[in-house]
Amino acid sequence: MGMTMTQKILAAHAGVDSVKAGDLIMADLDMVLGNDITSPVAINVLKKIKRDEVFDKNKVALVPDHFAPNKDIKAAEQCKQVRCFACDQDITNYFEIGEMGVEHALLPEKGLVVAGNLVIGADSHTCTYGALGAFSTGVGSTDMAVGMATGKAWFKVPSAIQFNLTGAFKPGVSGKDLILHIIGMIGVDGALYKSMEFVGDGVASLTMDDRFTVSNMAIEAGGKNGIFPVDDQTIAYMKEHSDKAYTVYEADDDASYDQVIDINLSDLKPTVAFPHLPENTKTVDAIKEPVKIDQVVIGSCTNGRFSDFKKAHDVLKGKHVAKGVRLIIIPATQQIYLDCMEAGFLKDFIESGGTVSTPTCGPCLGGHMGILAAGERCVSTTNRNFVGRMGHVDSEVYLANPEVAAASAILGRIAAPDEV
Amino acid sequence: MNAKGKVFRYGDNVDTDVIIPARYLNTSDPLELAEHCMEDIDKEFVNNVHKGDIIVADDNFGCGSSREHAPIAIKASGVSCVIANSFARIFYRNAINIGLPILECPEAVNTIESGDEVEVDFDSGKITDVTKNQTFQGQAFPEFMQELISAGGLVNYINKTL
Ligand code: SF4
């Protein structure tokens, strides 16, 4: 029987000709990732492993991004532990403040992941690199420790859901709306234990940034990974960012899928996920009662890339945020920050009444730099709106694309860009 | 191996943010994490949980982040086992990797109520609701995972191969 794209990558890294859904395999890793929250646990676990050093100093990436710049003394101690470990083990890809960014925006930008790679990261949104035609998935700190020591991880080979995309987005609709639409349709466990494989003519019309956003949120549907085929755009992106050799894998024609879902991209509309699950989606035009808001966050590994800020800028330029609304702009990496600066966006954001932060996960996980009080509401371009995700248990997060977030900041309620 | 304890019953999609909120993730000390276990969904959990107690939940338990702090907090709070209809996949592998027993058994989940006394036999996957005097057969782990669990987690398993 044929294999899916994911299964092909897994088989190659397990050194076998073929695998099928349900097989348990040990596979070789091309990159092992950790951040300032998960790495300290992994570093402590690594001490208990007989071989307590990393298998390849070039294949480990450590990115302190969650509570960095250090939010308090405990966070400082965690970052210090990661820094000392990186220094001791001579880790090539350790990113200090000044060169860092939110890990899943940073790794592709730095060219550390390319098509055909197998990557694990002790962070659930490691699935982002599926946009590049890689297999990548989130794991815990013990897997990260064993991965660092041995260069291997165990996997149960997943079955897959195929998403067949046709058409192209209408203006104001982007990758975020596609993935929110999918999660709204199949639910937060709709792809549990499964791969989400995106195919079809519509893929070509998605930018790389759209694909990163879509793959990023595969985990929000319970998916093990979310993967795109490699096309001219992928190759152009990799050539620009990386000198690593890549391998293109394609699903077999006779690969079997648990389900095939057809989506016409031109049918989609700006979509928002209401609290407290990413599956609680509504299109913005279907929101009848005005939803007043206190804060807007534009950033994160989901929508904190240059094109996201360009879209927000198009809506915000020359306008001002509503009185009483806090607009927090967080470019996901130093490079994106620089690009936004050179394009003049940052000045315009500040003149619109926004505040611009250094790259960090910050408020996305309720860490720092924009925590919500009881009863407050935030429209955010991030990926999770669980209870208490951005602060107080009685606060609310609404997930949206950058244009909707910008329009909402201007009007002080959830709004579509064509309303401003 | 057996577990026996009182049941704490939760619903669908118990996510890692409510199991251990991010505001406490500036530490990785298991006992400190355990002090805040389940805080955002059940404030009384930490006051009422006793060694050996069991969490029973519906679908997709442990969804959300990859923080191993979630199963670590549950284990350190004294919980001996989690039974659910299904588990989010990262939580599933984290639990196995750190040696927190978990079982999928929709029949048991359907019947067991909060406060019931429940006994679990991990070798056979048999779950007994002592209060209701009913037994259920949980799904047995594939052989590879049984090896991981009986080795006491992934680290011990890997050490044997090194
Ligand atoms: S931006 Fe948010 S979702 Fe992305 S890695 Fe950071 S905390 Fe996680």
Original post:
So which of A:LYS224/B:LYS6; A:LYS50/A:LYS239; A:LYS74/B:LYS4; A:LYS71/A:LYS176 end up more than 31 Å apart by C-alpha?
Top reply: A:LYS224/B:LYS6; A:LYS50/A:LYS239; A:LYS74/B:LYS4
Subject >> At most 16 other Cβ within 10 Å, DSSP loop - GluC sites (Glu not before Pro), the stretch B:90-124 >> reply: B:GLU113
**OP:** Putting +1 on Lys and Arg Cβ atoms and -1 on Asp and Glu Cβ atoms, find which of B:ILE41, B:TYR24, B:THR131 reaches farthest to the positive end of the dipole of chain B.
**Re:** B:TYR24
Subject >> Dipole magnitude (debye, nearest 20) for the stretch A:239-368, charges at Cβ of Lys, Arg, Asp, Glu >> reply: 1060
**OP:** Treating only the Cβ atoms of Lys and Arg (+1) and Asp and Glu (-1) as charged, compute the dipole magnitude of the protein assembly as shown about its Cα centre; round to the nearest 20 debye.
**Re:** 920
Subject >> Restraint check, A:LYS8/A:LYS152; A:LYS8/A:LYS47; B:LYS51/B:LYS126; A:LYS48/B:LYS75; A:LYS80/A:LYS244, Cα-Cα greater than 23 Å >> reply: A:LYS8/A:LYS47; A:LYS80/A:LYS244
**OP:** Could you check which residue among A:SER266, A:SER380, A:SER141 shows the biggest mean-square fluctuation in a GNM of chain A with a 10 Å Cα cutoff?
**Re:** A:SER266
**OP:** Express as a percent, rounded to the nearest 5, the fraction of DSSP beta bridges in the stretch B:26-162 (both residues included) that run antiparallel.
**Re:** 50
**OP:** Provide, in order from the shortest bin, the percent of all Cα-Cα pairs of the stretch A:242-307 in each 10 Å bin, continuing until the bin that contains the maximum pair distance.
**Re:** 12, 27, 30, 22, 9, 0
**OP:** With a bin width of 10 angstrom, please list the P(r) values of the stretch B:80-162 as percents of all Cα-Cα pairs, from the 0 bin to the one holding the largest distance.
**Re:** 18, 48, 26, 7, 1
Subject >> Sum of side-chain charges, B:ASP15 neighbourhood, beta-carbon under 9 Å (Lys, Arg +1; Asp, Glu -1) >> reply: +1
Original post:
Points 7 angstrom from Cα along the Cβ direction at A:THR166 and A:LYS288: gap in nanometres?
Top reply: 3.3
Original post:
So how many Å³ per residue does the convex hull of the Cα atoms of the stretch A:141-238 work out to?
Top reply: 121
Subject >> Förster radius 60 Å - calculated FRET efficiency between A:THR207 and B:LEU31, Cβ distance, rounded to 0.05 >> reply: 0.80
Original post:
Which value results when the Cα radius of gyration for the stretch B:1-139 is divided by 2.2 N^0.38 Å?
Top reply: 0.95
Original post:
Which residue fluctuates the most in chain A, going by a Gaussian network model with Cα springs under 10 Å, if the choices are A:THR360, A:THR382, A:THR283?
Top reply: A:THR283
Subject >> At most 14 other Cβ within 10 Å, DSSP loop - trypsin sites (Lys or Arg not before Pro), the stretch A:310-397 >> reply: A:LYS317, A:LYS323
**OP:** Specify the longest stretch of chain B that does not include any exposed loop site, a site being one of the trypsin sites (Lys or Arg not before Pro) with a non-H, G, I, E, B DSSP assignment and at most 12 other Cβ atoms within 10 Å.
**Re:** B:52-162
Subject >> Efficiency of FRET between A:ASP28 and A:GLU96 - r from beta-carbon atoms, R0 35 angstrom, step 0.05 >> reply: 0.75
Subject >> Options A:ILE219, A:VAL230, A:ALA191, ranked by Cα towards positive dipole end of the stretch A:141-284, top entry (Cβ charges) >> reply: A:ILE219
Original post:
According to the Kirkwood expression over distinct Cα-Cα pairs, how big is the hydrodynamic radius of the stretch A:36-185, in Å?
Top reply: 17.0
Original post:
Could you state the per residue volume, in Å³, of the convex hull enclosing the Cα atoms of the protein assembly as shown?
Top reply: 137
**OP:** Excluding A:PRO64 itself, calculate the net charge of residues whose Cβ lies under 13 Å from the Cβ of A:PRO64, where each Lys or Arg counts +1 and each Asp or Glu counts -1.
**Re:** -4
Subject >> Within the accessible area of chain A (1.4 Å probe), percent carbon and sulfur >> reply: 50
Original post:
Relative contact order for chain A: what is it in percent, counting Cα pairs under 8 Å that are at least 6 residues apart?
Top reply: 18
Original post:
Name the GluC sites (Glu not before Pro) in the stretch B:1-77 that are in a loop by DSSP and that have at most 10 other C-beta atoms within 10 Å, would you?
Top reply: B:GLU44
**OP:** As a check on your grasp of the helix formula, calculate [θ] at 222 nm for chain A: sum -39500 (n - 2.57) over DSSP H runs of n ≥ 4, divide by the residue count, round to the nearest 500.
**Re:** -8500 deg cm²/dmol
Original post:
Restricting to the protein assembly as shown, what percent of DSSP beta bridges are antiparallel, rounded to 5?
Top reply: 30
Subject >> Volume in Å³ per residue [convex hull over Cα atoms, computed for the stretch A:325-420] >> reply: 89
**OP:** Report, in debye and to the nearest 20, how large the dipole of the stretch B:30-129 comes out about its Cα centre when Lys and Arg carry +1 and Asp and Glu carry -1 on their Cβ.
**Re:** 520
**OP:** Hey, for a label at A:GLU53 modelled as a point 7 Å past Cα toward Cβ, could you say which residues of the stretch A:3-44 have their backbone N under 18 Å away?
**Re:** A:43-44
Subject >> GNM flexibility winner over chain A from A:ALA191, A:ALA273, A:ALA86 (Cα, springs under 10 Å) >> reply: A:ALA86
Original post:
Say R0 is 45 Å: what FRET efficiency, to the nearest 0.05, do A:VAL248 and A:MET185 get from their beta-carbon distance?
Top reply: 0.95
Subject >> Cross-link reach list, aspartates and glutamates versus A:LYS317, counting only Cα pairs under 13 Å and skipping chain neighbours closer than eight places >> reply: A:ASP348, A:GLU351, A:GLU403
Original post:
All other residues with a Cβ under 11 Å from the Cβ of A:HIS368 taken together, and with Lys, Arg as +1 and Asp, Glu as -1, what is their net charge?
Top reply: +1
Original post:
Taking the alpha carbon gyration tensor of the stretch A:7-92, what are the square roots of 5 times its eigenvalues, largest first, to the nearest whole Å?
Top reply: 31, 14, 12
Subject >> Solvent-accessible area buried by A and B, counting both chains, probe 1.4 angstrom, square angstrom >> reply: 3800
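The values are calculated or read from the model by the stated rules, or taken from the named source; none is laboratory data. Just so it is clear, the structure is predicted and the values come from calculations on it, not from any experiment. Please note: Cβ atoms are built from the backbone with ideal geometry, for glycine as well, and neighbour counts cover all protein chains shown. Side chains included, ligands, DNA and RNA excluded: accessible areas come from the protein's heavy atoms. Shrake-Rupley method; radii C 1.70, N 1.55, O 1.52, S 1.80 Å.
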